[in-house]
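Report on the structure given below.
The values are calculated or read from the model by the stated rules, or taken from the named source; none is laboratory data. Predicted model only: the values in this text are computed from it and were never measured. In this analysis, Cβ positions are derived from the backbone assuming ideal geometry, glycine residues included, and neighbour counts consider all displayed protein chains.
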Amino acid sequence: MTAPVEVLEFESRAWVHAGAKEQPIADELGLSATRYYQLLREALLDPTAVASHPATAARMRRILEQQRSRLTERSAVSRRG
């Protein structure tokens with residue numbers, strides 16, 4: 001089992017682009033990309049993990065909020081049709 005602190009530690013690395021992470025996720029953590037991102041979201045709710053990597057947690061929360069906002073906007077536009 002990958003601990004929430006490990007997930008945020010892995011995420012805190014500097015990645016050239018998002019696709020660059022997929023192979024290291026599998027090789028180093030033994031996870032699929034889908035499972036990794038599920039665990040990353042869970043790690044953002046873990047106070048110990050967040051305390052160990054506050055800047056990474058804040059960045060990921062900001063990114064997730066931006067994604068939610070875009071999805072909400074698209075949904076509203078499609079309903080107006």
State all residues of the range 29-50 that are touching a residue at least 40 places away in the same chain (Cβ under 8 Å) and among the acidic types (Asp, Glu); if no residue qualifies, say none.
-> Asp46
Among residues of the range 41-81, those that are of a type in the set (Ser, Thr, Tyr) and at pLDDT 95 or above, counted | 3
Please enumerate the residues belonging to the range 21-35 that are surrounded by 12 or more Cβ atoms within 10 Å (Cβ to Cβ) and of a type outside the set (Asp, Glu).
-> Lys21, Pro24, Ile25, Ala26, Leu29, Leu31, Ser32, Ala33, Arg35
Give me the pairs: first residue in the range 51-80 and farther than 18 Å from Pro4 by Cα, second residue surrounded by 10 or more Cβ atoms within 10 Å (Cβ to Cβ), beta-carbon distance under 8 Å, and six or more apart or on different chains, which are they?
-> none
